[in-house]
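Report on the following structure.
The values are calculated or read from the model by the stated rules, or taken from the named source; none is laboratory data. In this text the structure is predicted, and so the values were computed from the model without any measurement. Glycine also receives a Cβ, built like all others from the backbone with ideal geometry; neighbour counts cover every protein chain displayed. Just the protein is used for accessible areas: all its heavy atoms, side chains included, with ligands, DNA and RNA removed. Shrake-Rupley method; radii C 1.70, N 1.55, O 1.52, S 1.80 Å.
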Amino acid sequence: MPDPLQVLIVDDERLARRSLRSALNGVAGVAVAGEAASIDAAAEQIRTEAPDVVLLDVQMRGETGFDLLDRVEAPVQVVFITAHDEYAVRAFEVNALDYLLKPVDPDRLAEALRRTRQAETALPEDEDTDPEGLAYDDLFFYEDGRRPRFIRVREIICVEAAGNYTELHVADGTTALTSTTLSTWTDRLPDAHFARIHRSTIVNVERVATVEQEDGRTYSVHVEGRDDPLSMSRRRARALRDRLA
């Protein structure tokens, strides 16, 4: 059995620390290394306790979680915990493992800590690894050189092949062009929520409004936020119809 993952909780609100400690009680293989209510106290505990991961509040009284990272020399994995989402891009820039919004979902917290364990035991970079699957509430980072941002998986309406690329259509009306193949997206997106409806299209079934039969062999799939329908074959329609029933 591996040693428990040592977790330091950093938040200036006592009730928030208590809530995180309670959530950690339900996560196997995890131990609370300590708590800190200030950046000074957190820096000292990181020096003396050498935790594996820090659950770090972003906004604290007169300081931020980013201030802590400027003060510690030892490498430490960080999961940001915050009531605000405007710091997501900066969190990525400092290589945060995850970015969770308050109130913290215990399942999302457990998943973030699972990734910490994976990061510790990861294979060397020159070895082949399978792409990691995404959960429906996960955030992933997208950078196109102009407007880097985090995209939440549940906000993806559909994924379409675009030559050697794929285009994500997002609920806010934006699109994101990625070099990830459609097959890789099929493997990474959660099966319970996404379905391949065409050789060039994946759809978020939660975003499907209606399905209309066209000529007996093809169907039109109308999704939220798009005026033009998506095409679906009869074979794939059976699987999607069963899922939406």
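Among the residues of the range 189-205, count how many are in contact with a strand residue (DSSP E or B) (Cβ under 9 Å, 6 or more places away or on another chain) and charged (D, E, K, R).
Initially, the range 189-205 is screened for residues in contact with a strand residue (DSSP E or B) (Cβ under 9 Å, 6 or more places away or on another chain), giving 189, 193-205.
Then drop every residue that is not charged (D, E, K, R), which leaves 196, 199.
So the answer is 2.
Okay, residues lined up against (1) outside any loop (DSSP other than H, G, I, E, B); (2) open to solvent by less than 40 Å² (accessible area, probe 1.4 Å):
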| position | (1), (2) |
| --- | --- |
| 167 | yes, no |
| 197 | yes, yes |
| 212 | yes, no |
| 227 | no, no |
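Of the residues examined, residue 235 is not one that is basic (Lys, Arg) and either in a strand (DSSP E or B) or under 29 Å from the mean Cα position of the chain (by Cα) (or both).
Which one is modelled with the highest pLDDT, of the residues in the range 56-73 that are among the hydrophobic types (A, V, I, L, M, F, W, C) and part of a loop (DSSP other than H, G, I, E, B)?
Residues of the range 56-73 that are among the hydrophobic types (A, V, I, L, M, F, W, C), as a first pass: 56, 58, 60, 66, 68-69, 72.
Those still in the list that are part of a loop (DSSP other than H, G, I, E, B) too: 58, 72.
On the way: 58: 90, 72: 80.
Top of the filtered list is 58.
Of all residues in the range 174-190, those being in a loop (DSSP other than H, G, I, E, B) and modelled with pLDDT of 90 or more number 2.
When the residues of the range 199-209 are narrowed to those that are touching a residue at least 40 places away in the same chain (Cβ under 8 Å) and assigned to a strand (DSSP E or B), which ends up surrounded by the fewest Cβ atoms within 10 Å (Cβ to Cβ)? Spell out how you get there, then give the answer.
From the range 199-209, those touching a residue at least 40 places away in the same chain (Cβ under 8 Å) are 200-204, 206-207; that's our starting set.
Now restrict to residues that are assigned to a strand (DSSP E or B): 201-204.
Values: 201: 19, 202: 23, 203: 25, 204: 23.
For the range 199-209, the residue satisfying everything is 201.
Specify the residue that is least open to solvent (accessible area, probe 1.4 Å); the eligible residues are those in the range 1-55 that are assigned to a loop (DSSP other than H, G, I, E, B) and among the hydrophobic types (A, V, I, L, M, F, W, C). Break it down stepwise before answering.
First, pick out the residues of the range 1-55 that are assigned to a loop (DSSP other than H, G, I, E, B): 1-4, 11-13, 26-29, 37-38, 50-52.
Then keep just the ones that are among the hydrophobic types (A, V, I, L, M, F, W, C); that gives 1, 27-28, 37, 50.
Values: 1: 219, 27: 22, 28: 96, 37: 49, 50: 67 Å².
Among residues in the range 1-55 that are assigned to a loop (DSSP other than H, G, I, E, B) and among the hydrophobic types (A, V, I, L, M, F, W, C), the one least open to solvent (accessible area, probe 1.4 Å) is 27.
With respect to residue 137, is the statement that it is over 14 Å from the mean Cα position of the chain (by Cα), charged (D, E, K, R) and either assigned to a loop (DSSP other than H, G, I, E, B) or more than 22 Å from residue 231 (Cβ to Cβ) (or both) true? So residue 137 does not fit the description; no.
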